[in-house]
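What follows is one structure encoded as structure tokens, with my remarks underneath.
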């Protein structure tokens, strides 16, 4: 039995989008067909790194954002400079790290190895400071 024009047009529209479901000729006439399931990538969001893998700190308006963070032992902390002014990240208490000067878009990371409190600053800008509470 020939397919109605609307069905053919719908099939062509679907085929243009890469999905072709229920558009072929079947021997049973106009019986309803079950729609094809879209590929998994269309039905599920792309998998992102599980939350908690990294602690992120932005640098903007001469501030660390957030200023105070909590991380676990062996959890990476990543700072990103989000402005045209250079910054650095320098521990003053509880750890020993110092980044190079970070230009816009540059990052620096540190992974604590023991629990405790870490204080840090940007040595370029007085008053720009932050802290990390490291838990087990």
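Bear in mind these aren't lab numbers, they're just calculated from the coordinates by the rules spelled out. These numbers come from a predicted model, not from an experiment. Don't worry about glycine lacking a Cβ; one is built from the backbone with ideal geometry, like all the others, and counts go over all protein chains shown.
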Q) Pairs, please: C-beta under 9 Å, at least 6 apart or cross-chain, first residue free of Cβ contacts under 8 Å to residues at least 24 places away in the same chain and in region 100-121, second surrounded by fewer than 16 Cβ atoms within 10 Å (Cβ to Cβ) and in a strand (DSSP E or B)? A) 116/133
Q: Can you tell me which residue within region 53-64, out of those that are touching a strand residue (DSSP E or B) at 6+ places or on another chain (Cβ under 6 Å) and loosely packed, with under 15 Cβ neighbours inside 10 Å, is farthest from residue 128 (Cα to Cα)?
A: 54
